[in-house]
1. Looking at Glu93, is it in contact with a strand residue (DSSP E or B) (Cβ under 9 Å, 6 or more places away or on another chain), under 19 Å from Ser74 (Cβ atoms) and away from the ligand (no atom under 16 Å from the Cβ)?
2. Filter the range 43-56 for residues that are within 23 Å of Gly155 (Cβ to Cβ) and away from the ligand (no atom under 13 Å from the Cβ); which is surrounded by the fewest Cβ atoms within 10 Å (Cβ to Cβ)?
3. So which residues in the range 138-163 are closer than 16 Å to Ile37 by Cα and free of Cβ contacts under 8 Å to residues at least 12 places away in the same chain?
4. Could you list all residues from the range 1-42 that are within 16 Å of the ligand (Cβ to nearest atom) and without any contact (Cβ under 8 Å) to a residue 40 or more places away in the chain?
5. Of all residues in the range 141-180, how many are more than 22 Å from Ala13 (Cβ to Cβ) and in a loop (DSSP other than H, G, I, E, B)?
6. Among the numbered conditions (1) crowded, with 19+ Cβ neighbours inside 10 Å; (2) in a helix (DSSP H, G or I), tell me where Glu67 comes up short.
7. Within the range 147-177, take every residue that is among the charged types (D, E, K, R) and within 16 Å of the ligand (Cβ to nearest atom) and give me the one that is farthest from Gln136 (Cα to Cα).
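No lab work stands behind these numbers, since they all come straight from the coordinates. All values derive from a computational prediction rather than experimental measurement. No Cβ is skipped: glycine too gets one built from the backbone with ideal geometry, and neighbour counts run over all protein chains shown.
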Amino acid sequence: MDRYWFEGWYRDARKCPSPHFNARPTNEVSLLVIHNISLPAGCFGLPYIEQLFLGTLDCHADASFAELQGLEVSAHFLIRRDGEIVQFVSCDERAWHAGVSSFDGRIGCNDFAVGIELEGTDTSGYTDIQYQQLQQLTRELMTIYPMIVKARIVGHCDIAPGRKTDPGPGFDWQRYLAVV
Ligand SMILES: [Zn+2]
């Protein structure tokens, strides 16, 4: 029994299974994509991100949610400002976080990527406990999916340039990668 994983689920995460996933085309898991999200934008600690990924978001709860109507998205993980890790999709399955994307000449990064959302915005910065939890989770991902190496840890902005900007200039890549 692996201390940290069971069938692609991380034991230290709160399990919150989303219907927004499907099978990977192969069992390759070789890319880690870092994102940010906040709902409404710039507001933290609210239940809306989880509801979005679970498909239960009331799109009338905030005027800015109108554009989210009918959107089916998910990520494998969300790391909240207080460090809580929530997992929505088994890493053995394909979550729907990258959208139109390419890495190293391959399109459709969801096929082979794990997606981690940090609760935040491009410019808000991230909390110390978020960095610690992200680093720990990354190390365990690299252990169980050895094709994920440092050179294959990217931001959403790197695989969808011109379309996405997250995790933004507020994310300290040097700090993050120094201890993974
Ligand atoms: Zn993103």
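1. Against the criterion (in contact with a strand residue (DSSP E or B) (Cβ under 9 Å, 6 or more places away or on another chain), under 19 Å from Ser74 (Cβ atoms) and away from the ligand (no atom under 16 Å from the Cβ)), Glu93 qualifies.
2. Cys43
3. Matches in the range 138-163: Cys157 only.
4. Once the filter is applied, which keeps residues that are within 16 Å of the ligand (Cβ to nearest atom) and without any contact (Cβ under 8 Å) to a residue 40 or more places away in the chain, the range 1-42 yields only Leu39.
5. Residues meeting the conditions: 11.
6. If we test Glu67 against (1) crowded, with 19+ Cβ neighbours inside 10 Å; (2) in a helix (DSSP H, G or I), just (1) comes out false.
7. Filtering first and then ranking leaves Arg163.
One line per residue, one yes/no per condition, for (1) loosely packed, with under 15 Cβ neighbours inside 10 Å; (2) within 16 Å of the ligand (Cβ to nearest atom); (3) within 30 Å of Asn27 (Cβ to Cβ):
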site: Asp58; (1), (2), (3): yes, no, no
site: Leu71; (1), (2), (3): yes, yes, yes
site: Val89; (1), (2), (3): no, yes, yes
site: Val100; (1), (2), (3): yes, yes, yes
site: Cys109; (1), (2), (3): no, yes, yes
site: Gly115; (1), (2), (3): no, yes, yes
site: Glu119; (1), (2), (3): no, yes, yes
